[in-house]
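Student: The following block contains the structure, expressed as structure tokens.
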């Protein structure tokens, strides 16, 4: 599975904090970030998520 930019960002942050997660976990976290962003702003993140 190829990582999208938000997924790569989540992976980078977790790596800096010393966590190593698999791709599926990163995807769930980035989906949560997308959902929180939309709840807070009412808009989608301008970077499309790969389905």
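The values are calculated or read from the model by the stated rules, or taken from the named source; none is laboratory data. Worth saying up front: this structure is predicted, and the values here are computed from it rather than measured.
Student: Could you tell me which numbered condition residue 24 fails, if it satisfies all but one of (1) within 12 Å of the chain's Cα centre (by Cα); (2) at pLDDT below 80?
Tutor: Among (1) within 12 Å of the chain's Cα centre (by Cα); (2) at pLDDT below 80, residue 24 violates only (2).
Student: If residue 14 satisfies every condition in (1) at pLDDT below 90; (2) on the phi > 0 side of the Ramachandran plot but one, which is the exception?
Tutor: Tallying (1) at pLDDT below 90; (2) on the phi > 0 side of the Ramachandran plot, residue 14 fails exactly one: (2).
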